[in-house]
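Heads up: the structure comes next, in structure tokens.
The values are calculated or read from the model by the stated rules, or taken from the named source; none is laboratory data. A quick note: this is a predicted structure, and the numbers were derived from the prediction, not measured. Positions of Cβ are generated from backbone atoms using ideal geometry, with glycine treated the same way; all protein chains shown enter the neighbour counts.
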Amino acid sequence: MHNRHGNKAVSVKHTNVIKMFKTLLFTLLIIAISFALLAITIIIKKNGKFPNIHIGGNKEMRKRGIKCAQSQDRDARKNNPMRIKESSK
């Protein structure tokens, strides 16, 4: 038994899949362009790399003795005479 609108339903589904695929490709293209634009300075420079935005990597912060919370916590744990020694297995 065939529905008299059966071919039309298949055609609409096929059209929706094509539209979805085009949208997906367009989205991936936008993401690829965004990555390329974000990385342009890294690609162009000879020794290009991402900038160090960590507080410990900032010379002025180091001059003032300012450290990040993780570094301060690590140092406090390392230099604490009351710490509990971990057993090595």
- Message: If I ask for residues that are among the polar types (S, T, N, Q) and at pLDDT below 80, which ones from the stretch 50-70 would you list?
- Response: ASN52
- Pick from the stretch 32-58 the residues that are within 26 Å of CYS68 (Cβ to Cβ) and of a type in the set (A, V, I, L, M, F, W, C): which of them is surrounded by the most Cβ atoms within 10 Å (Cβ to Cβ)? ILE55
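Is the stretch 76-85 home to any residue that is surrounded by 11 or more Cβ atoms within 10 Å (Cβ to Cβ) and assigned to a helix (DSSP H, G or I)?
no
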